[in-house]
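So the structure is just underneath, and the comments pick up after that.
The values are calculated or read from the model by the stated rules, or taken from the named source; none is laboratory data. Note that the coordinates shown come from a computational prediction; the quantities given were computed from them, not determined experimentally. Don't worry about glycine lacking a Cβ; one is built from the backbone with ideal geometry, like all the others, and counts go over all protein chains shown. Accessible surface areas use protein heavy atoms only, side chains included; no ligands, DNA or RNA. Shrake-Rupley method; radii C 1.70, N 1.55, O 1.52, S 1.80 Å.
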Amino acid sequence: MATAKKVSAIKNTPKHLLGIQNLSVLEAKEILTEAKSFIKLNRGSSKKLDVLRGKTQINLFFEPSTRTQSSFDLAGKRLGADVMTMNMGNSALKKGETLIDTAMTLNAMHPDIIVIRHQDSGAPNLLSQKVNCTVINAGDGRREHPTQALLDALTIINRKDSVEGLKIAICGDILHSRVARSNIYLMNMLGAEVNVIAPKTLMPTGIDNLGVKSFTDMKKGLDGCDIVMMLRLQNERMQGSFLPSKREYYEFFGLTPEKLKFAKKDALLMHPGPMNRGVEIDTKLADDINVSLVKEQVELGVAVRMACLKLYCK
Amino acid sequence: MKEKILTNVRIIDPSQKMDEIGNIVIDEKGKIKSIGKKSGASKSAEKIDLKGLVAIPGLVDMKAFVGEPGFEYKENFRTLSQAALAGGVTSIVTMPNTKPIIDNVSMVDFIIRRGRDKAKVNLFPCASITRQKEGNQMTEFGLLKARGIIGFSDVNKTIQNTELMSRIMNYASDIDVLIMQHAEDYELARNSCINQSEVATRLGLQGVSDIAEKIIIERDLSLLSEYPCRYHINQISSKNSLNVIKKNKSNGIKFSTGVSINNLSLNQNDIGEFRTFLKLSPPLRSEEDRLSLIEGIKNDLIDVIVSDHLPEDEESKRLPFAQAATGSIGIETLLSLSLELYHNESLPLEKIITCLTINPAKILKINKGTLKEGSDADICIFDLEKPWVVKAEELKSKSKNTAIENKRLQGKVKMTLLQGEVAYSN
């Protein structure tokens, strides 16, 4: 019997990873399967492959980032690509150059992949229309952060074997969070039930239509949950007063060991980082290796980004 | 100029409740001599046969932006009038958000002179309500009016200061000037670029609730009951605002209301994946809002349809959505897009034409938007059925930021007459 030829769900070059919204279930699952194979490699002593040898990857970061930027940096290098990271915070933009001009300049250098992080929603979409290489979204405004959601899914799968049938709570500043949006789409797609918990002023309009149940009470929202994802309070995106005080926020929405008890007994805790200890999360809980998956998220982030780079840069 | 007779044309003129096939005779001075079934001209008259076509008064567009002075690279008087005439628009109210802003008498003289030399349409310039549109100090309403200013508008800015607004209304009521307000509460609308909705949540954009519009309309209409002046709401966009308007009209408050053709024809879903040409102010809202605006026209709660013609160069639009400029061109497609509402049975033809001709003329108190005997022969002649596809590069505006690129429309302007002369034909 002839074995069926393996067909990739991710076709056509250049193909872009702009958001989970544009992914099919098959594509998402393919990325996760590919990523699994890199976990072992990353834990081994020789971490270098030559899958992307000869390819050029540009990390274009318009917003400060530590973990996402270093994660993409490492991922590219481990696959053998030539990686250049550009921090645009104090560069061309301040001289009045537009995103498109920057893109065209870089495009002229024939990169194979551009990884972009930008403060404006939709910036990667705009970029993808103007360059002829693969564009990977590393977070745009409050819209999407697809690789974060994928690494969260991989972390869950690594512990619980599957996302399907799980109950996942996402708590905190949903309004300003691209991580929340991408996770809502992906976890739904993979068959989980998603609750979002936030004070009313940090809950976006029409969130229920995205396929979640929304709560303003941690006790109700966490009830029966397998996974608790905490989000950072994004003070830098807040204009005006959304909350009375951090103290009041911590009282009602900060995750403490007591509040975690509302979830399932074996519930696990996740956080995309960076954490505001004592604001959205109790500091001891954040470091509790029996409960917290935070370090694992960072570790698997590299594997997921390697998978994305490999699959999208063919 | 020779006497002209337009024959065999379906004349629709809501100002005299006319919808019949007949003739229009234009005298040597470019005025309507006679009109209707029985109308006839001398044998020497130039005859134009318009069988199968419709003649209506030239459109009066109450809100358009001309780039002069300061933004000539976006639009100038010449390109604006070409676009207008190709769309059957013969009278335009121009906005004062030029550079410098039209807020003083010397600017008015310039704009009128320049318009007279370069434009081939009737221009009715607006001045700003407040100096520099800053919302602090009212402009010289009386002096500006005397120099030929038709009305006052801060365009995309709103008078936020309630005390100032009450004084503006109080002062305006005495000297019979038209105040045109853009209704938007700044705090509620801060940084917003789209309607607050699920679409905004998905696109990750800052939305603005329709309350921002409603709250200003409520405030202004409360003030208006105290200081009755000629007050016009430039453009409304939501069902909520319409409810406020309905309530106030039934309480006997007198004012008028406009709507952009964009808000009547499109909704927020048309924005798709960050189409910046559909970034508008007020924003496109839900389908429910759109349908309620159509009802508003049916029930006479909305008086005027405007193009909200706002040319923007490519550079201002080729940016991430939040940074991109607001607005779209539309004067050339105003009639055709309005006719879509007739073809899809949303509105009767006569109603649409009323909102594009006699209603704005009445609000402005100008002798336009009518084909009554003795009035200027500004006439728009169109083929009601002709199908066509909107192509940005074929539009006459200097800027090509149309919100309806590639849209299939039915009904197209064939000929435009300005004071009896053929100013456009295709």
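Residues are listed down the side, and each one gets a yes or a no for (1) more than 14 Å from chain A (Cβ to nearest Cβ); (2) under 19 Å from the mean Cα position of the chain (by Cα):
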site: B:Phe274; (1), (2): no, no
site: B:Leu291; (1), (2): yes, no
site: B:Lys298; (1), (2): yes, yes
site: B:His309; (1), (2): yes, yes
site: B:Gly327; (1), (2): yes, yes
site: B:Gly330; (1), (2): yes, yes
site: B:Leu337; (1), (2): yes, yes
site: B:Thr354; (1), (2): yes, yes
**Asked** Failed condition for A:Ile116, given (1) within 14 Å of chain B (Cβ to nearest Cβ); (2) in a helix (DSSP H, G or I), with all others met?
**Response** (2)
**Message:** I'd like to know if segment B:217-236 contains one or more residues that are within 14 Å of chain A (Cβ to nearest Cβ) and either out of contact with any strand residue (DSSP E or B) (no Cβ under 8 Å at 6 or more places or on another chain) or closer than 30 Å to A:Pro146 by Cα (or both).
**Reply:** no
**Item:** Any hit, segment B:349-362, residues being open to solvent by 10 Å² or more (accessible area, probe 1.4 Å) and outside any helix (DSSP H, G or I)
**Value:** no
**Prompt:** Going through segment B:376-420 one residue at a time, which ones are farther than 21 Å from B:Ser81 by Cβ, among the acidic types (Asp, Glu) and assigned to a loop (DSSP other than H, G, I, E, B)?
**Reply:** B:Glu405
**Message:** Exactly one condition in (1) out of contact with any Pro (no Cβ under 9 Å at 6 or more places or on another chain); (2) within 13 Å of chain B (Cβ to nearest Cβ) is false for A:Ser177; which is it?
**Reply:** (1)
**Message:** Looking at segment A:218-237, can you tell me whether even one residue there is among the β-branched types (Val, Ile, Thr), open to solvent by less than 10 Å² (accessible area, probe 1.4 Å) and in contact (Cβ under 8 Å) with a residue 12 or more places away in the chain?
**Reply:** yes
**Request:** Quick one: count up the residues across segment A:61-83 that are surrounded by fewer than 17 Cβ atoms within 10 Å (Cβ to Cβ) and acidic (Asp, Glu).
**Result:** 1
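Residue-wise test of (1) in contact (Cβ under 8 Å) with a residue 60 or more places away in the chain; (2) aliphatic (A, V, I, L, M); (3) within 14 Å of chain A (Cβ to nearest Cβ).
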| residue | (1), (2), (3) |
| --- | --- |
| B:Met165 | no, yes, no |
| B:Tyr171 | no, no, no |
| B:Asp176 | no, no, no |
| B:Asp185 | no, no, yes |
| B:Ser197 | yes, no, yes |
| B:Thr201 | no, no, yes |
| B:Gln206 | yes, no, yes |
| B:Glu213 | yes, no, no |
**Asked** Can you spot a residue in segment B:126-136 that is within 22 Å of the chain's Cα centre (by Cα) and open to solvent by 40 Å² or more (accessible area, probe 1.4 Å)?
**Response** no
**Item:** B:Gly70 vs. criteria open to solvent by 10 Å² or more (accessible area, probe 1.4 Å), at positive phi and either touching a residue at least 24 places away in the same chain (Cβ under 8 Å) or not basic (Lys, Arg) (or both)
**Value:** yes
**Asked** So which helices (runs of 4 or more DSSP H) stay within segment B:120-230 end to end and still have 2 or more residues that are over 30 Å from A:Thr201 (Cβ atoms)?
**Response** B:141-146, B:162-175, B:211-226
**Asked** Tell me, which residue of segment A:13-40 that is under 13 Å from A:Lys310 (Cα atoms) and hydroxyl-bearing (Ser, Thr, Tyr) is farthest from the other protein chains (Cβ to nearest Cβ)?
**Response** A:Ser37
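For segment A:183-206, give me the residue count where each residue is within 12 Å of another protein chain (Cβ to nearest Cβ), in a helix (DSSP H, G or I) and open to solvent by 10 Å² or more (accessible area, probe 1.4 Å).
Looking only at that region, the number is 1.
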**Asked** Give me the pairs: first residue in segment A:295-314 and of a type in the set (Ser, Thr, Tyr), second residue open to solvent by less than 10 Å² (accessible area, probe 1.4 Å) and outside any helix (DSSP H, G or I), beta-carbon distance under 6 Å, and six or more apart or on different chains, which are they?
**Response** A:Tyr312/A:Leu17; A:Tyr312/A:Thr134
**Item:** Which listed residue, of B:Leu264, B:Leu301, B:Leu242, is touching a Ser or Thr at 6+ places or on another chain (Cβ under 8 Å), outside any helix (DSSP H, G or I) and modelled with pLDDT of 95 or more
**Value:** B:Leu301
**Item:** Any hit, segment A:133-147, residues being at pLDDT below 95, buried (at least 20 other Cβ atoms within 10 Å of the Cβ) and part of a helix (DSSP H, G or I)
**Value:** no
**Asked** For segment A:252-264, does any single residue satisfy the condition of being under 30 Å from B:Glu187 (Cα atoms), in contact with a helix residue (DSSP H, G or I) (Cβ under 8 Å, 6 or more places away or on another chain), open to solvent by less than 50 Å² (accessible area, probe 1.4 Å) and within 14 Å of chain B (Cβ to nearest Cβ)?
**Response** no
**Among (1) hydroxyl-bearing (Ser, Thr, Tyr); (2) without any contact (Cβ under 8 Å) to a residue 60 or more places away in the chain; (3) closer than 25 Å to A:Ala9 by Cβ - the single one A:Thr68 does not satisfy** = (2)
**Which numbered condition A:Gly139 misses (of (1) more than 15 Å from the chain's Cα centre (by Cα); (2) within 14 Å of another protein chain (Cβ to nearest Cβ))** = (1)
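Working carefully through the options B:Asp27, B:Asp49, B:Asp13, B:Asp19, find the one that is charged (D, E, K, R), touching a residue at least 40 places away in the same chain (Cβ under 8 Å) and crowded, with 24+ Cβ neighbours inside 10 Å.
Among B:Asp27, B:Asp49, B:Asp13, B:Asp19, only B:Asp13 is charged (D, E, K, R), touching a residue at least 40 places away in the same chain (Cβ under 8 Å) and crowded, with 24+ Cβ neighbours inside 10 Å.
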**Message:** Take the conditions over 29 Å from A:Ser65 (Cα atoms), surrounded by fewer than 20 Cβ atoms within 10 Å (Cβ to Cβ) and of a type in the set (Gly, Ala, Ser) and apply them to A:Gly211. Does it pass?
**Reply:** yes
**Fill in**
Scanning segment B:245-259 for residues that are farther than 28 Å from B:Leu335 by Cβ and either over 22 Å from the mean Cα position of the chain (by Cα) or outside any loop (DSSP other than H, G, I, E, B) (or both) gives B:Lys247, B:Asn248, B:Ser250, B:Asn251, B:Gly252, B:Ile253
**Residues of segment A:93-132 that turn out to be in contact with a Cys (Cβ under 8 Å, 6 or more places away or on another chain) and surrounded by 24 or more Cβ atoms within 10 Å (Cβ to Cβ), as a count** = 2
**Message:** Residues that are in a strand (DSSP E or B), within 13 Å of chain B (Cβ to nearest Cβ) and under 21 Å from the mean Cα position of the chain (by Cα): does segment A:83-103 have at least one?
**Reply:** no
